[in-house]
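Right, one structure below, let's go through it.
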Amino acid sequence: KAAQDEVLRSNLELERFAYVASHDLQEPLRMVSNFTQMLEKHYGDQLDARALEYIQYATNGASRMQYLVRDLLEYARIGNEAESYERIDLNSLKSTIHENLLSSISQTGASIHWEKLPTISAAPPRMRSVFQNLIGNAIKYHGSEPPRIALYTETRDGDTVFCVRDNGIGIDVALVTLCNYGFCSFTI
C-alpha cells in the first residue's frame with residue numbers, strides 16, 4: 001500500500017511538473033520565434049544567404065520546440081483528467097491536425113493523402129495525438145524529396161489496422177491496430 005501511494009504521489013508530481021514546465025516554456029519560445037522573424041524581416045536584405053539560412057534553422061527549431069511543449073502540456077492535462085471514450089469519426093481530426101502542422105507542411109511541401117477512416121470508440125485527444133505525431137514525424141524525418149504521407153486502413157484478422165506510409169528516412173510502415181474492444185496496440 002505504501003509503495004502504491006508513493007507511485008501515485010510521484011505521478012502527480014510528474015504531471016504537475018510537466019504542466020508547469022510546458023506552460024513556462026511557451027513564452028520564451030514565442031519570443032525566440034518572433035525575434036528571429038523580426039530579424040529576418042528588418043535586416044534580411046542586409047544578410048547573406050548563410051545568415052538567412054541560420055535564421056531559418058532558429059525559426060524552425062523554435063517551431064518544433066513549440067509543438068513538443070504543446071504535446072507535453074497536453075500530456076499533463078490528459079493525466080489530470082479522467083479519460084473518456086466516445087464515438088469519434090476519425091475523419092474529423094484531419095482539419096485540426098492539418099492546422100497544427102501547417103507550418104511544417106508548408107515549409108517542406110508535404111502532401112498528405114487521407115483515405116476515408118472509420119468511426120471508432122476512443123479517447124479523442126489520444127487519437128489526435130497518435131495521428132498528429134505519426135504525421136509530424138513523417139514530415140520531420142523526410143529525405144531530400146518533399147514528404148508524401150498516406151493514411152489508410154486495412155482489415156486483418158477482424159481488426160481494423162490503421163496504416164501510415166511515407167517516403168521518409170525512417171521506418172517503412174507504422175501500423176495501429178484498434179481492436180473491437182477499444183484497446184490499441186502498435187506494430188512497427
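The values are calculated or read from the model by the stated rules, or taken from the named source; none is laboratory data. What you are looking at is a predicted structure, and each value in this text was computed from that prediction instead of being measured. Please note: Cβ atoms are built from the backbone with ideal geometry, for glycine as well, and neighbour counts cover all protein chains shown. These accessible areas exclude ligands, DNA and RNA; they are computed on the full protein's heavy atoms, side chains included. Shrake-Rupley method; radii C 1.70, N 1.55, O 1.52, S 1.80 Å.
Brief remarks follow.
- Peptide ranges 123-130, 31-38 listed from the most packed, as the mean C-beta count within 10 angstrom indicates: 123-130, 31-38
- Label zone at SER111 (point 7 Å along Cα-to-Cβ), backbone N below 15 Å, segment 145-163: 145-151
- Accessible area per residue for segment 1-147 is 65 Å², calculated with a 1.4 Å probe on protein heavy atoms, without ligands, DNA or RNA.
- Among 19-28, 4-13, sorting by the average number of other beta carbon atoms lying within 10 angstrom of each residue, highest first, gives 19-28, 4-13.
- For the pair segment 97-167 and segment 1-31, the centres of their Cα atoms are 28 angstrom apart.
- Förster radius 22 Å - calculated FRET efficiency between ARG30 and LEU68 (Cβ-Cβ, nearest 0.05): 0.95
- The phi-based Karplus calculation (6.51 cos²θ - 1.76 cosθ + 1.60; θ = phi - 60°) puts the 3J(HN,Hα) values of segment 59-65 at 5, 5, x, 5, 5, 4, 5 Hz, whole numbers, x for Gly and Pro.
- Computed packing ranks the peptides 108-116, 39-47 as 108-116, 39-47, most packed first, by mean other Cβ atoms within 10 Å.
- Available extension along the chain between SER144 and ASP45 is 32.9 nm, counting 0.36 nm per residue and deducting the alpha carbon span.
- ³J(HN,Hα), Karplus 6.51/-1.76/1.60, whole Hz, each residue of segment 23-32, x for Gly, Pro: 5, 5, 7, 4, 5, x, 5, 4, 5, 4
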